[in-house]
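Presented below is the structure to which this report refers.
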Amino acid sequence: PSPGTLCRTKPTDLVFIIDSSRSVRPHEFEKIKVFVSRVIEALDVGPNATRVGIINYASAVRSELALQSPQSKAALLQAVRRIQPLSTGTMTGLAIQFAISRAFSAAEGGRAGAPNFRKVAIVVTDGRPQDGVQDVSARARAAGIEIFAIGVGRVDMGTLRQMASEPLDEHVDYVESYSVIEKLTHKFQEAFCVVSDLCATGDHDCEQLCVSTPGAYRCACRDGFSLNSDGKTCAACNGGLGSALDLVFLIDGSKSVRPENFELVKKFINQIVDSLEVSDKQAQVGLVQYSSSVRQEFPLGQFKNKKDIKAAVKKMSYMEKGTMTGQALKYLVDSSFSAINGARPGVPKVGIVFTDGRSQDYISDAAKKAKDSGFRMFAVGVGNAVEDELREIASEPVAEHYFYTADFRTISKIGKKLQIKICAEEDPCECKSIVKFQTKVEDLINSLQQ
């Protein structure tokens, strides 16, 4: 976390065990010291929070800083600066034994294991130890010490795995040289920022709801309220339009779609319809099918509730001819979203275009016109659909508005991106109902994928 984020750390006794054997060059040893300093800088140091000890080893082991020494950040950083390399062999096992019997002992200031309390050792080495580490590491872990193993350069990975705690992928790190060890700083800063459930500790000033993230929190409001610009207080929503939305599906009914796939498409449309709030004031849905010609199945607003819309979708028969996507897009722009066909002025317009093949006509002009008219266009391609065409239909940012899947059974990723970003201009109450719509759609889609 950057300085200034509140990082509460669980009470932790943290001991660094650093290798200064002769293979570690002096300038490399300086890099280890920088890494240790950076991690210390991010900690919440103090007698009731995190305390730091440092063991320096080569053939012999030297305690550079005991857990009980004065623990101001300045004092710790100064202790790190003073450390000098020992420049002899590599007795890693001996150093870990020293940690168990001395560094974490009560005599040296180790604190007895309260339930929410951690003992952590971070071992930094570049060598193959001249002694065994497996048994002594197992004893350390059995004594409740969590071990992170950082290997540098020509280190033996097997040794690192023998030392580290489970799960290994979280406790073993490898860097190719000391010059990049700082890459790990962030990981360790995060690793210690754990009790940062600031909502639980009551360190927040949210009027209604508090949402915790590691080391930080944000305020939220209950349904029917929206967050004011101060980020803390809430205002009641005035019922507004809710998620007013004119949504038209443009469905490819060409013969390549095959009957069983056409059924999957219908099912998918109805899953999305299910997640809308349908009414005169909220969402309206229209449906157009195209193949060699274009057929309006039903216009916006013809059906006033979900049940009727879904029944009409189920009844839709399959056209089974060519693929005139351009003509269909033109119809969408000129007819579907016109007031005569039930579109409401001032309400966001969304088009979802499904296709499984290359268009037999020219789509550029109509695709451009749809976007220029301010419609939010999603393109969903299956099977043999052509990616360039999908991108041409899709609104900006294109990556969030077009989807492709090889198989009809997975027409599914679409809802993830139904982020109808009308939130910026609209009031947050409106915004909220749309966000709810999105999450519903995401859930449905995930369940469809099962």
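In order along segment 388-399, the phi-based Karplus estimate (6.51 cos²θ - 1.76 cosθ + 1.60, θ = phi - 60°) of 3J(HN,Hα) comes to 4, 5, 4, 5, 5, 6, 5, 6, 7, x, 3, 4 Hz; Gly and Pro are listed as x.
Between Ser293 and Ser229, the FRET efficiency estimated from the beta carbon spacing at R0 = 56 angstrom works out to 0.65.
In the context of the full protein assembly, Lys281 retains an accessible surface of approximately 130 Å², using a probe radius of 1.4 Å and ignoring ligands and nucleic acids. Ordered from largest to smallest accessible area (heavy atoms of protein chains, 1.4 Å probe), the residues Asp274, Asp252 come out as Asp274, Asp252. Share of carbon and sulfur in the accessible area of segment 245-423 stands at 51%, probe radius 1.4 Å.
Carbon and sulfur: what percent of segment 12-192's accessible surface (1.4 Å probe)?
Carbon plus sulfur share of accessible area: 51 percent.
What segment 56-171 shows is 46 Å² of accessible area per residue, with the surface traced by a 1.4 Å probe over protein heavy atoms. On the beta carbon distance between Leu168 and Asp131, with R0 = 25 Å, the FRET formula returns roughly 0.70.
For the pairs Lys266/Lys304; Lys266/Lys321; Lys232/Lys349; Lys314/Lys371; Lys266/Lys330; Lys267/Lys368, flag any whose C-alpha to C-alpha distance is greater than 27 Å. Checking Cα-Cα distances, Lys232/Lys349; Lys314/Lys371; Lys267/Lys368 exceed 27 Å.
Rounded to the nearest 20, the Cβ-based charge dipole of segment 245-423 about its Cα centre (Lys and Arg +1, Asp and Glu -1) stands at 500 debye. Ignoring aspartates and glutamates fewer than eight residues from Lys281 along the same chain, the ones with Cα atoms less than 16 angstrom from its Cα are Asp246, Glu426, Asp427, Glu430. Averaged per residue, segment 242-376 has 42 square angstrom of accessible surface, using a 1.4 angstrom probe with ligands and nucleic acids left out. Per-residue surface analysis assigns Arg51 an accessible area of about 30 Å², computed on protein heavy atoms at 1.4 Å probe radius. Accessible surface ranking for Asp131, Asp280, 1.4 angstrom probe, highest first: Asp280, Asp131. Placing Lys349, Lys307 in order of accessible area, with the largest value first and a 1.4 Å probe, yields Lys307, Lys349. Taking a ≥ b ≥ c as the square roots of the Cα gyration tensor eigenvalues, with a/c under 1.5 meaning rounded and otherwise prolate when a/b beats b/c, else oblate, which class fits segment 44-198? Here segment 44-198 falls in the rounded category. At a threshold of 8 angstrom on Cα-Cα distance, excluding pairs fewer than six apart, so keeping six or more, what relative contact order does segment 245-423 reach in percent? Relative CO of segment 245-423 lands at 23 percent.
The values are calculated or read from the model by the stated rules, or taken from the named source; none is laboratory data. For clarity, every value in this text was computed on a predicted model and none was experimentally measured. Neighbour counts run over all protein chains shown; Cβ positions are idealised from the backbone, glycine included. Side chains included, ligands, DNA and RNA excluded: accessible areas come from the protein's heavy atoms. Shrake-Rupley method; radii C 1.70, N 1.55, O 1.52, S 1.80 Å.
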